[in-house]
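The values are calculated or read from the model by the stated rules, or taken from the named source; none is laboratory data. Given the structure is predicted, the values throughout are model-derived calculations rather than measurements. Reconstructed Cβ throughout: ideal geometry from the backbone, glycine too, with neighbour counts over all protein chains shown.
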Amino acid sequence: MKARLKGHFTPEQLRRYLVSEALIFWGLILLCRLLYPAENRFSIMTHTFSFLGSFDAKHNPRFWFLFTIALVFWGLFTVPLVLFLHRRLRGSSPWAVWPGTLLLLEGCLGMVLVGIFPDAHGKVVGDLMHTHVHQDVALMAFAGYGLGIPWMGALLLKDQIRWIPWGGRRLFQWRKSIFPFAFYIVIFSIALYFQLKWEVVYSEMKANAQATGAKIGSHWSEALNTVYSFPLWENVLIYTMYTFMAWFPLTLLEENREALSQDQIEKESTSL
């Protein structure tokens, strides 16, 4: 267990670890969803992921703590996966891997804090509310994963270009890694497109409403139950980040023996 926590995995151990983590995390999230009060009508079209863990009366006042346990678990038990990625990628990028690793660890810490500080209106200290802290740490988590994932992708891309400094190592069957990155980039791009388009659409709606004297809801409420809904894309991006952090490590299990042999030859030539 100590070795696993440090990111040491055999292929079989990694697969079992990922399955166990998924069963526990998503099992807790499923419980949150099933025990969410029916009268509060949770939907990803109208409710953010964090509303599952809000103790506000209009959200999940009785079983919100299950969400806290789930997010703390996810954050802590993703750390060994980040350390595994670090160990695998430092062979070709001993220095450049560090920013990506630190960003992903920031994402892990952010998820832990998202669980500890629910999106609710209880006071933390003074006038500081849980929801205020929650927003800051949620941004921290999204920034950590959102920047760390493409950084790791850039390291793999670098190894395919032989003419740049420190490139061309190709220590892994990198083609398998294309798929989790492509999945992440496509989903992120779609989410970004609809959120940016909503700025234009809502501005036009608001202008028309003012011109005709009609009433219009807030920027948030008018988007609910549409493809522009922020809760919809927040939920989707969280599912996407979880999927990526489970999928990407599996693509680094198979080493490129030919590249490793060539790398060893170069090291021996240099030492001679």
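Among all residue pairs at least 6 apart or on different chains, which show Cβ distances below 6 Å where the first residue, located in the range 1-27, is in a helix (DSSP H, G or I) and the second is small (Gly, Ala, Ser)?
18/246; 25/70
Going by the structure shown, is residue 74 among the aromatic types (Phe, Trp, Tyr), in contact with a Cys (Cβ under 9 Å, 6 or more places away or on another chain) and closer than 21 Å to residue 152 by Cα?
Considered against the rule, which asks whether it is among the aromatic types (Phe, Trp, Tyr), in contact with a Cys (Cβ under 9 Å, 6 or more places away or on another chain) and closer than 21 Å to residue 152 by Cα, residue 74 comes out as yes.
Would you be able to say whether some residue in the range 91-103 is crowded, with 22+ Cβ neighbours inside 10 Å, under 30 Å from residue 47 (Cβ atoms), touching a residue at least 12 places away in the same chain (Cβ under 8 Å) and out of contact with any strand residue (DSSP E or B) (no Cβ under 9 Å at 6 or more places or on another chain)?
There is no residue in the range 91-103 that is crowded, with 22+ Cβ neighbours inside 10 Å, under 30 Å from residue 47 (Cβ atoms), touching a residue at least 12 places away in the same chain (Cβ under 8 Å) and out of contact with any strand residue (DSSP E or B) (no Cβ under 9 Å at 6 or more places or on another chain).
Report yes if some residue within the range 53-63 is in a helix (DSSP H, G or I) and either buried (at least 17 other Cβ atoms within 10 Å of the Cβ) or in contact (Cβ under 8 Å) with a residue 60 or more places away in the chain (or both); otherwise report no.
Yes.
Report the residue count in the range 195-245 for those that are out of contact with any Leu (no Cβ under 9 Å at 6 or more places or on another chain), aromatic (Phe, Trp, Tyr) and surrounded by 16 or more Cβ atoms within 10 Å (Cβ to Cβ).
The qualifying residues number 5.
Determine whether the range 38-51 contains at least one residue that is under 21 Å from the mean Cα position of the chain (by Cα) and charged (D, E, K, R).
Taking every residue of the range 38-51 in turn, none turns out to be under 21 Å from the mean Cα position of the chain (by Cα) and charged (D, E, K, R).
What number goes with the only condition from (1) crowded, with 17+ Cβ neighbours inside 10 Å; (2) free of Cβ contacts under 8 Å to residues at least 12 places away in the same chain; (3) hydroxyl-bearing (Ser, Thr, Tyr) that residue 48 does not pass?
(2)
Identify the single condition in (1) modelled with pLDDT under 95; (2) hydroxyl-bearing (Ser, Thr, Tyr); (3) surrounded by fewer than 18 Cβ atoms within 10 Å (Cβ to Cβ) that residue 251 does not satisfy, given that it satisfies every other one.
(3)
For the range 225-239, does any single residue satisfy the condition of being under 30 Å from residue 72 (Cα atoms) and modelled with pLDDT under 95?
Checked against the condition, which is being under 30 Å from residue 72 (Cα atoms) and modelled with pLDDT under 95, the range 225-239 yields no hits at all.
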